[in-house]
Amino acid sequence: FTTQPVVTLQDAGGNTVTSSSFVTVTVAVNQGTLGGTSTANVRSGIATFEGLTLDKATTGYILMFTSPDLTAVNGSSFEVTVGPAAQLAVTTQVAGATGGVAFTTQPEVTLQDAGGNTVTQPPNTVTVTATANKGTLGGTTEATVAAATGLATFQGLMINQADTGYILTFASTGLTSATSASFEVTVGARAKLVVATNAAGAKGGTAFTTQPVVTLQDAGGNTVSDATGVTVTAAVNKGTLGGQLTATGTANGVTFSGLKINEADTGYILMFTSSGLTAVNGTAFEVTVGSGAKLAVSRQAAGATGGVAFTTQPQVTLQDAGGNTVTSSSDVTVTVAANKGTLGGTRTATVTSSTGIATFDGLKINEAATGYILMF
């Protein structure tokens with residue numbers, strides 16, 4: 001109280017007694033809890049109290065003064081009013097916290113005086129800032145105290161990482177800060193795809209030796225452990241993707257099988273999508289030329305007249321399973337035959353490792369007819 005109570009020791013006639021022996025006066029209150037020093041010693045007939053306080057702002061307070069063997073006395077009724085803003089208090093705690101999503105219950109902070117009474121109609125705008133003890137707090141981390149209510153209500157606050165033991169601290173210049181109760185951020189609902197294993201070992205026309213694996217995350221990037229029933233589709237940014245283009249999730253994620261690309265090239269990127277979930281791309285990779293797997297006629301025979309070498313001799317190219325020319329293979333011998341009649345000339349040719357091409361020489365057929373087919 002700015003004016004502390006003073007009690008006088010009197011005789012039965014109301015005269016101040018200044019020569020009495022040591023007397024102690026005790027004060028109490030009719031409601032609430034009285035703080036400060038509740039006893040005072042009489043000196044020269046007067047007992048002056050110090051540091052008396054009451055927290056709750058209300059009317060009808062009465063102080064009651066007593067001392068053994070003396071008639072007690074009550075003070076007049078008085079009011080405790082709301083004091084100036086001194087502190088912040090968390091009046092609504094965080095609830096419903098899942099990774100990367102705004103808390104379903106946003107915190108509210110109340111502006112209070114030193115006694116814990118709500119301060120309304122503050123003379124100036126009061127801004128409250130929220131911080132977390134770990135991780136990163138997202139959303140609108142500042143809120144303004146509403147003058148009419150003394151409340152600052154936060155909006156959109158969230159934390160990405162699922163964990164326990166989160167505590168929010170609320171601060172404002174010149175005021176005692178407040179901390180929230182400890183709370184947990186749990187893993188939320190499925191929200192997005194993430195590539196756990198990228199494609200690797202890609203050779204033309206054969207299944208990648210390492211097939212991609214996709215897992216699920218909530219909005220905060222926490223792994224959702226069970227992908228059962230989720231269907232993911234794979235596509236590629238160029239060329240044609242072969243193999244199993246859709247895969248269904250299990251408890252361990254979504255694993256593809258048999259994916260392959262024919263054309264050898266760089267800069268391939270796999271793109272994964274699933275209904276209702278944020279899509280994801282894998283890292284860029286290269287499809288290299290595989291080992292020799294098949295022959296392709298790269299130049300057809302032409303200019304065929306009876307018994308004379310074709311004017312255009314056929315060429316055959318060695319290819320991998322994807323149709324890419326294999327130039328790094330050891331020499332391969334190719335044999336040619338005809339579907340009918342007798343094929344003359346040199347019926348074998350060697351694939352040159354530097355070009356991947358086998359060129360035949362002197363091939364001819366004696367009998368004039370149609371429908372000849374060369375088989376390599």
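The values are calculated or read from the model by the stated rules, or taken from the named source; none is laboratory data. Everything quoted here is computed from the prediction, not taken from an experiment. Heads up, the Cβs are rebuilt from the backbone with ideal geometry, glycines too, and the neighbour counts pull from every protein chain shown. Note: accessible area is taken over every heavy atom of the protein model, side chains too, but ligands, DNA and RNA are not part of it. Shrake-Rupley method; radii C 1.70, N 1.55, O 1.52, S 1.80 Å.
Odds and ends about this structure:
- Tensor-based shape of the stretch 1-80 (alpha-carbon gyration tensor, a/c under 1.5 rounded, otherwise prolate or oblate): prolate
- Positive end of the dipole of the stretch 1-141 (Cβ unit charges, origin at the Cα centre): among G36, P122, G14, the Cα lying farthest that way belongs to P122.
- Whole-percent carbon and sulfur share, accessible surface of the stretch 235-376, 1.4 Å: 49 percent
- Rounded Å value of the spacing that divides the Cα centres of the stretch 69-92 and the stretch 340-376: 113 Å
- Count of lysine pairs in the chain with Cα separation under 27 Å (8 or more residues apart, or interchain): 12
- Cα gyration tensor shape of the stretch 95-140, rounded if a/c is under 1.5, else prolate or oblate by comparing a/b with b/c: prolate
- Radius 15 Å from Cβ of T98, net charge of other residues (Lys, Arg +1; Asp, Glu -1): -1
- Given [x] 0.98; [y] 0.94; [z] 1.51, the label whose value is Rg/Rh (Cα atoms, Kirkwood Rh) derived from this model: [z]
- With the charge dipole of the stretch 134-281 set up from +1 on Lys and Arg Cβ and -1 on Asp and Glu Cβ about the Cα centre, the Cα lying farthest toward the positive end among the listed residues A264, L245, M158 is that of A264.
- A Förster radius of 25 Å, combined with the Cβ-Cβ distance separating T333 from A200, puts the computed FRET efficiency at roughly 0.15.
- Residue-count net charge about T346 - beta-carbon cut-off 14 Å; Lys, Arg +1, Asp, Glu -1: +1
- Using a probe of 1.4 angstrom and keeping all protein chains present, the accessible surface of the chain works out to 51 square angstrom per residue.
- Neighbour net charge for T209 - beta-carbon separation under 11 angstrom, K R +1, D E -1: +2
- Computed extension length for N30-A89: 18.5 nm, one decimal, from 0.36 nm per residue of separation with the Cα-Cα distance subtracted.
- Whole-percent carbon and sulfur share, accessible surface of the stretch 1-90, 1.4 Å: 49 percent
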